[in-house]
Ligand SMILES: NC(=O)C1=CN([C@@H]2O[C@H](COP(=O)(O)OP(=O)(O)OC[C@H]3O[C@@H](n4cnc5c(N)ncnc54)[C@H](OP(=O)(O)O)[C@@H]3O)[C@@H](O)[C@H]2O)C=CC1
Ligand SMILES: O=C([O-])C1=[NH+]CCC1
């Protein structure tokens with residue numbers, strides 16, 4: 001027996017830094033990875049006899065929060081079994097990973113991001129740590145992509161099905177132009193070919209200069225992507241929401257920002273602010289009227305325990321039922337308000353972390 005038997009003799013885990021993640025992660029590939037994550041959670045939640053054998057499964061507890069002096073540390077472990085790595089590919093993988101992420105709101109005053117994290121990817125057969133993926137950009141793309149997937153399945157697909165040419169165009173409102181607000185706006189612009197043409201983007205931020213900065217970013221983005229949208233910086237949240245088909249709220253607010261009277265009758269909202277305060281950004285009169293969809297029942301039981309609204313179910317279950325008879329559909333009633341109440345969940349980081357790791361291995365295969 002080797003003297004190293006049962007000791008940690010293997011090489012160090014890969015470290016995939018923020019710049020590499022930016023190069024490797026593509027919006028459309030991330031979209032597929034997030035769909036796999038949503039579906040895995042809802043397939044797992046089904047009665048075992050009703051599970052779809054060809055769909056992934058998962059395991060993830062509600063995340064834990066550790067309160068420190070300046071902010072919180074979230075521990076988000078998860079496993080996704082038998083997920084497809086790419087659309088149209090038969091290759092499947094099982095991935096065990098854990099994201100550790102901190103939210104320290106005063107960081108902005110010293111020029112640091114308020115959210116900082118890493119995804120730890122383990123070998124799902126041996127449990128050995130294989131890679132550490134920096135997860136600031138990753139969290140930006142995966143959170144915005146979760147909203148894109150929810151918007152697509154709950155709002156845009158039904159809308160596209162009602163138009164003769166199968167395309168739709170939207171007016172988008174971004175309430176909160178921090179990192180997440182920016183990533184959401186870019187995500188909607190970059191996925192126009194697959195989801196919906198963006199014709200107008202309205203921006204509001206508590207500190208107006210940040211909305212002006214995002215307008216500049218989106219003007220550059222329009223040139224890069226050959227898009228033809230107008231961007232407006234708004235003085236009030238009401239003005240920002242006016243006539244919007246799709247709204248994103250991505251703030252650290254502990255108080256309501258969006259009221260029912262600001263909204264069109266038919267609108268989809270992605271309420272992303274979470275972590276320290278939950279379901280704080282929308283007023284109760286919005287929750288009184290809307291249909292709420294969540295990412296993860298287990299997390300919602302803990303973090304949305306005080307939410308008074310009609311919670312219809314998980315986005316993954318909507319996707320799983322898409323080809324079922326209409327009476328089994330979980331889609332929102334047409335013409336009303338739908339809300340994706342995004343908490344963020346570990347399985348999103350599992351499938352997107354694995355995507356980055358696989359792409360890194362492919363890009364560096366000559367050095368392995
Ligand atoms: N659902 C999910 O999966 C995830 C959710 N999040 C959450 O998204 C939110 C935004 O995160 P991120 O963009 O990374 O953070 P940033 O620090 O980059 O941006 C924070 C934004 O919130 C605004 N804000 C803070 N407090 C208030 C307030 N009281 N009223 C109005 N606006 C306010 C800030 O405005 P100003 O510029 O004026 O300071 C800024 O626009 C946070 O709640 C975060 O926890 C983050 C990651 C994942
Ligand atoms: O899911 C996530 O990564 C987070 N949700 C709220 C803060 C960070």
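The values are calculated or read from the model by the stated rules, or taken from the named source; none is laboratory data. Predicted model, so just to flag it, every value in this text is computed and none were measured. Ideal geometry is used to build each Cβ from the backbone, glycine not excepted, and the neighbour counts take in all protein chains shown.
Descriptive notes on the structure:
- Residues that are away from ligand 2 (no atom under 16 Å from the Cβ) and closer than 25 Å to residue 160 by Cβ number at least 3 in the following helices (runs of 4 or more DSSP H) confined to the range 242-355: 315-320.
- Check on residue 219, over 29 Å from residue 104 (Cβ atoms), touching a strand residue (DSSP E or B) at 6+ places or on another chain (Cβ under 7 Å), assigned to a helix (DSSP H, G or I) and outside the structural domain of residue 111 (by the TED database): yes
- Annotation: residue 211 fulfils all but one of (1) outside any helix (DSSP H, G or I); (2) without any contact (Cβ under 8 Å) to a residue 60 or more places away in the chain; the unmet one is (1).
- Residues being more than 16 Å from ligand 1 (Cβ to nearest atom) and either under 21 Å from the mean Cα position of the chain (by Cα) or without any contact (Cβ under 8 Å) to a residue 40 or more places away in the chain (or both) - total across the range 232-245: 3
- Among (1) in contact with a strand residue (DSSP E or B) (Cβ under 8 Å, 6 or more places away or on another chain); (2) within 26 Å of residue 341 (Cβ to Cβ); (3) surrounded by 19 or more Cβ atoms within 10 Å (Cβ to Cβ) - the single one residue 75 does not satisfy: (3)
- Pick from the range 251-276, criterion in contact (Cβ under 8 Å) with a residue 60 or more places away in the chain and under 15 Å from residue 234 (Cβ atoms), ranking: farthest from ligand 1 (Cβ to nearest atom): 263
- Applying the set (1) in contact with a strand residue (DSSP E or B) (Cβ under 9 Å, 6 or more places away or on another chain); (2) assigned to a helix (DSSP H, G or I); (3) surrounded by fewer than 19 Cβ atoms within 10 Å (Cβ to Cβ) to residue 235 leaves exactly one unmet item: (2).
- Residue in the range 34-52 that is buried (at least 18 other Cβ atoms within 10 Å of the Cβ), touching a helix residue (DSSP H, G or I) at 6+ places or on another chain (Cβ under 6 Å), at pLDDT 95 or above and farther than 18 Å from residue 78 by Cα present: no
- In summary, residue 64 fulfils each of the numbered conditions (1) modelled with pLDDT of 95 or more; (2) farther than 15 Å from residue 344 by Cα with the single exception of condition (2).
- Any hit, the range 80-98, residues being within 15 Å of ligand 1 (Cβ to nearest atom) and under 11 Å from residue 346 (Cβ atoms): no
- Taking the range 86-188 and the strands (runs of 3 or more DSSP E) fully enclosed by it, the elements with 1 or more residues that are free of Cβ contacts under 8 Å to residues at least 40 places away in the same chain and within 15 Å of ligand 2 (Cβ to nearest atom) are at 92-103, 115-122.
- Selection count, the range 47-70, where residues are assigned to a loop (DSSP other than H, G, I, E, B) and either without any contact (Cβ under 8 Å) to a residue 60 or more places away in the chain or within 17 Å of residue 301 (Cβ to Cβ) (or both): 12
- Yes/no for residue 338 being surrounded by 14 or more Cβ atoms within 10 Å (Cβ to Cβ), away from ligand 1 (no atom under 14 Å from the Cβ) and within 18 Å of residue 241 (Cβ to Cβ): yes
- Test set (1) out of contact with any strand residue (DSSP E or B) (no Cβ under 6 Å at 6 or more places or on another chain); (2) surrounded by 16 or more Cβ atoms within 10 Å (Cβ to Cβ); (3) modelled with pLDDT of 95 or more - residue 301 fails condition number: (2)
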